[in-house]
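Contents: one structure, followed by commentary.
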Amino acid sequence: MTEMVVEASMALALGAKLCRPKVIPMYPITPQTHIVERLADFINNGEMEAEMIHVESEHSALAAFIGSEAAGVRTYTATSSQGLALMYEILPIVSGNRMPGVMSVANRALSAPINIWNDHSDAVSARDQGWIQLFVESTQEAIDTTIQLYKICENHEVLLPGMVCIDGFTLSHVCERAIVPEQEAVDEFLPEYKPKIMLDPEKPVSIGPIAFPDSFMEFKKQQQEAMEKALPLIGKVHDEFAKKFGRSYGNGLLEQYRMDDAEYALIGMGTLTGTARVAVDEMRKEGKKVGLIKLKSLRPFPKEELIKATEKLQGLAVIDRHFSLGFEGPLYTDTRSALYGKGIRIKNFIAGLGGRDIDIKRLKKALNDTINGKEGGWLL
Amino acid sequence: MIRGLPEEEFFASGHRACAGCGAPIAIRHILKAAGKNTIVVQATGCMEVVSSPYPQTAWEIPWIHAAFETAASTASGVWRALKMQGRENINVVAFGGDGATYDIGFGAISGAFERGENFLYVCNENGAYMNTGIQRSSATPFGASATTTPAGKKIPGKREFKKPVPFIMAAHGAPYVATATVADPNDIFNKAKKGLETKGPCYLEVFSPCPTGWHSDSAKSIEIARLAVETRIYPLFEIINGRVKITRDVPEPKPVEEYLKTQGRFKHLGSEDIKTIQQRVNETWEKLKKMEESGCKY
Ligand SMILES: Cc1ncc(C[n+]2csc(CCOP(=O)(O)OP(=O)(O)O)c2C)c(N)n1
Ligand SMILES: [Mg+2]
């Protein structure tokens, strides 16, 4: 166990290294660059046994990711924004072929106008493509979640790929104190990858066939069943990790802050929840019974856990760092659907697009507007 | 069965390719050269569709298909994983059509060749996007009518010449590049073998008639492929470490017209266009000869 003050990207690279991926296809894009640069350092300095594939595009990065997973080795990659958008075609091919690798996404706005700063439009737009998506708040959580996610994805009942989403710049480029676990402990927690099927001339299989209308839906239904199995497993693996390493993040799916007697709450994902804790503390001092729900797992969506967490609430302010143009914030859509008929006043606030600051003032306004029965809106 | 070639088949009969399709001939003989200890990575296209209708498969060796433009990138991932596992003795063969190779997957192939990945990339060159209904590719020959370059009243078919991909791959520094046709399975077998025995990224292109797309007689695919060589439309050569070697000389070529008239996709062509094609064929052949004679390296 090493305690250090470190840039989150470096910490994430250390976290990835601890998982011992054997192949890392990657293509650089801000703000993901520092992660892959550190991994390149590790490999070229002989501190890590892995092949880095310097592909010519993110599209090829994810296509190579499929090849190496299918050949039976643990695989890692990282991207952001346009990179994830370029991978879009391959996202459902990775999940449809049940390749359980992990990708870090340093969340960044999608162009145009081109913008390198944080919002969640990249990952949330990819929400429906069969990847487990976990959003984290801190450097420590990024490391710990990466280790957990491999274990979840590689479980033979699941076999799905996963994304660890970290906010670009507001997390990726921030230095924080973090504990880097010992390799030995991680090896015990995360044994070597054992593929269920792989490309092996001794046992030939065909991966990636054409499926006609008579079988296609069964493939998709099985993916949904895998998602349903992943949901409790995320919690279970989280608890195991907590027991071994002494750190926990709510129940692994969502985290509650001062929710015991809360009447109103904020819900959001990623680093904004750190600021939200302060906003909640300040409003508590003003005598308002408010709390925070940090949603960690966007997919699979923890519907029952959310219902339980909001049981006593009168109102909920949903902070979306992305907007589904032509409708509303996607987290709002999901939250309202999950809480349908529960009689909770739910308001939608759009914030932090393209790196716009989400400060305490804005979050307090969202909560106060919800308390006062006002409509949601854009926190410009 | 061809005398002297291994009997064992790794691409089973019963696949759904059209009668007269050249591609299965190419695949069968390449796999005979590669043998059992091989992993195939396939691009989307006719051969993927006809060989893998779930839950059936024609592949008796491990096979993976990801997307249309990803044969080279997925093969890179497979190769690197094998390297990390100490399984470098396994052959990796990537198959793509001309659309997958010349057009949409070209960046990925260029990247893989620049990186020096260790696999044999095979392009089944049938001169159009056949799987989606005979649309033009950058391998479609000048003058051919394709569904997106139809022989219209104003524009009589495709107006551009084929992209010279084998040479472009040689210019990447590929240690072995070769062309073959389905008219000579022995040649396919031998060239595939060389490509597999050579370390690094190798490129083999097989010229492969498509009766459905070419509007040709499905009983004549082999003859047509042979005519392509005899008219110098499709020269057979190897480029070994940058040095060009013509593997089948054609001292007395037949006029291109003999080849063109076997296929409905050329039937609209006037004498001007036929002259243009003949000229281009002559020039390309001369260039090739000069490259061979000079011995200069790519
Ligand atoms: C990204 C993408 N664009 C388009 C397609 C549609 N598509 C599938 S196969 C194909 C053409 C294949 O042509 P080629 O590579 O020459 O192989 P052939 O079918 O002729 O053997 C096309 C256009 C696709 N599958 N994916
Ligand atoms: Mg084609």
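None of the figures in this text is laboratory data; all of them are computed from the coordinates on show. Every value quoted in this text rests on a predicted model; they were computed, and no experiment measured them. Virtual Cβ from ideal backbone geometry, glycine too; neighbours counted across all protein chains shown.
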Q) Relative to the longest principal Cα axis of chain B, at what angle does helix B:221-230 sit, 0 to 90 degrees, rounded to 10? A) 70 degrees
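For the protein assembly as shown, what is the charge dipole size about the Cα centre, in debye to the nearest 20, if Lys and Arg each add +1 at the Cβ and Asp and Glu each add -1 at the Cβ? Present the calculation step by step, with values, prior to reporting the outcome.
Numbers: 79 positive and 82 negative charges, 228 e Å.
Using Cβ point charges on Lys, Arg, Asp and Glu, the protein assembly as shown gives about 1100 debye.
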(Q) Cut-off under 17 Å on the C-alpha distance; same-chain residues fewer than 8 positions from A:K364 excluded. Which lysines are left, in chain and number order? (A) A:K285, A:K288, A:K289, A:K294, A:K347, A:K374
Q: Scan segment A:273-334 for GluC sites (Glu not before Pro) in coil per DSSP, keeping those whose Cβ has at most 16 other Cβ atoms within 10 Å, and list them by number.
A: A:E286, A:E311, A:E328
Q: Just name one of A:M198, A:S215, B:A33: the one whose Cα is farthest towards the positive end of the charge dipole of the protein assembly as shown (beta-carbon charges, Lys/Arg +1, Asp/Glu -1).
A: A:S215
Q: For A:N107, enumerate residues with amide H under 5 Å from its amide H, sequence gap 5+ or separate chain, H modeled in the peptide plane.
A: A:I166, A:D167, A:G168
Q. Roughly how crowded by other chains is peptide B:89-99, in terms of the mean Cβ count from those chains within 10 Å of each of its Cβ atoms?
A. 1
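Mind running the shape call on the protein assembly as shown? Use the C-alpha gyration tensor, a ≥ b ≥ c as the square roots of the eigenvalues: rounded below 1.5 for a/c, prolate if a/b tops b/c, oblate otherwise. Mind dumping the intermediate values first?
Working: a/c = 2.51, a/b = 2.10, b/c = 1.19.
Since a/c reaches 1.5 and a/b is larger than b/c, the shape of the protein assembly as shown is classed as prolate.
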**Q.** Zone residues, segment B:51-79, relative to B:I2, backbone N less than 17 Å from point 7 Å out along Cα-to-Cβ
**A.** none
Q: May I ask you to sort A:Y88, A:Y257, A:Y340 by Cβ crowding, counting other Cβ atoms within 10 Å and putting the fewest first?
A: A:Y340, A:Y88, A:Y257
**Q.** Simple spin-label estimate for B:A171 and B:T276 in nanometres, 7 Å along Cα-Cβ
**A.** 2.3 nm
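Could you list B:F142, B:F11 so that the one with the fewest beta carbons within 10 Å of its beta carbon is first and the one with the most is last? Spell out each step's value before the answer.
Details: B:F142 16, B:F11 23.
With the sparsest Cβ surroundings first, the list reads B:F142, B:F11.
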Q: Show which lysines lie in cross-link reach of B:K297 when reach means a straight Cα distance below 25 angstrom and same-chain residues fewer than eight apart are skipped.
A: B:K162, B:K163, B:K191, B:K193, B:K194, B:K199, B:K245, B:K287, B:K289
Q: Can you pull the one-decimal nm distance between simple spin-label points at A:Q222 and A:K361, each 7 Å off the Cα toward Cβ?
A: 5.5 nm
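Of the listed pairs A:K22/A:K244; B:K153/B:K220; A:K220/B:K32, which have alpha-carbon separations greater than 32 Å here? Display every interim value, and only then the final one.
Numbers: A:K22/A:K244 25 Å; B:K153/B:K220 29 Å; A:K220/B:K32 36 Å.
Correct reply: A:K220/B:K32.
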Q) Residue farthest toward the positive end of the dipole of chain A, with Cβ of Lys/Arg at +1 and Asp/Glu at -1: which of A:L160, A:I114, A:P330? A) A:P330
Q. Of all DSSP beta bridges located in the protein assembly as shown, what percent are antiparallel, nearest 5?
A. 25 percent
Q) Can you put A:D239, A:D200 in order, fewest other beta carbons within 10 Å first? A) A:D239, A:D200
Q. Per q in 0.09, 0.12, 0.14, 0.17 1/Å, what log10 I(q)/I(0) does a Debye calculation on the alpha-carbon atoms of segment A:2-245 return?
A. -0.35, -0.63, -0.88, -1.33
Q | Length-normalised contact order for chain A - Cα pairs under 8 Å, 6+ apart - percent | A | 17 percent
Q: Classify segment A:254-378 as rounded, prolate or oblate, taking a ≥ b ≥ c as the square roots of the eigenvalues of its Cα gyration tensor: rounded when a/c is under 1.5, otherwise prolate if a/b is larger than b/c and oblate if not.
A: rounded
Q: Go through segment B:188-202 residue by residue and turn each phi into a ³J(HN,Hα) via Karplus (6.51, -1.76, 1.60, θ = phi - 60°); whole Hz please, and just put x for glycine and proline.
A: 4, 4, 5, 5, 4, 4, 4, x, 6, 7, 7, 6, x, x, 10
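With the Cα gyration tensor of chain B in hand, give its eigenvalues times 5 under a square root as the equivalent ellipsoid semi-axes, listed largest first in whole angstrom. Let's see the in-between values first.
On the way: eigenvalues 172, 98, 65 Å².
Those come to 29, 22, 18 Å.
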Q | Protection-proxy order for peptides A:258-271, A:99-112, A:44-57, each taking the mean of Cβ atoms within 10 Å per residue, highest first | A | A:99-112, A:258-271, A:44-57
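Of all DSSP beta bridges located in chain A, what percent are antiparallel, nearest 5? Write down the numbers at each step before the final one.
Details: 12 of 48 bridges.
If we restrict to bridges inside chain A, about 25 percent are antiparallel.
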**Q.** Dipole of the protein assembly as shown [Lys/Arg +1, Asp/Glu -1 at C-beta], most positive-end residue of A:V278, B:V165, B:N186
**A.** B:V165
Q | Charge context of B:T181, other residues only, Cβ under 10 angstrom, K/R +1, D/E -1 | A | -2
Q: Excluding B:R28 itself, calculate the net charge of residues whose Cβ lies under 13 Å from the Cβ of B:R28, where each Lys or Arg counts +1 and each Asp or Glu counts -1.
A: -3
Q) If Lys and Arg each add +1 and Asp and Glu each add -1, what is the summed charge of the other residues whose beta carbon sits under 12 Å from the beta carbon of A:L171? A) -4
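What average count of beta carbons from other chains do you get within 10 Å of the Cβ of residues in A:192-205? Before the final figure, lay out the partial values.
Values: counts 0, 0, 0, 0, 0, 1, 5, 13, 5, 11, 3, 1, 11, 6.
For this peptide, the per-residue mean of nearby foreign Cβ atoms is 4.
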Q.
I'd like the Karplus ³J(HN,Hα) series for segment A:203-208: coefficients 6.51, -1.76, 1.60, θ = phi - 60°, whole numbers in Hz, and an x wherever there's a Gly or Pro.
A. 9, x, 10, 9, 10, x
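Taking the Cα centre of segment B:1-156 as origin and charging only Cβ (+1 Lys, Arg; -1 Asp, Glu), how large is the dipole, in debye to the nearest 20?
Values: 12 positive and 12 negative charges, 42 e Å.
Dipole of segment B:1-156, to the nearest 20 debye: 200 debye.
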Q) So what J values fall out for segment A:281-287 if you push phi through Karplus, 6.51 cos²θ - 1.76 cosθ + 1.60 with θ = phi - 60°, rounded to Hz, Gly and Pro as x? A) 4, 5, 6, 4, 4, 7, x
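Mind checking A:263-272 for the average number of partner chain beta-carbons within 10 Å of each residue's beta-carbon? Walk me through the intermediate numbers first.
Details: counts 0, 0, 0, 0, 0, 0, 0, 0, 0, 0.
Neighbouring Cβ atoms belonging to other protein chains average 0 per residue here.
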Q) Mind checking the dipole of segment A:2-245: about its Cα centre, +1 per Lys or Arg Cβ, -1 per Asp or Glu Cβ, Debye to the nearest 20? A) 380 debye
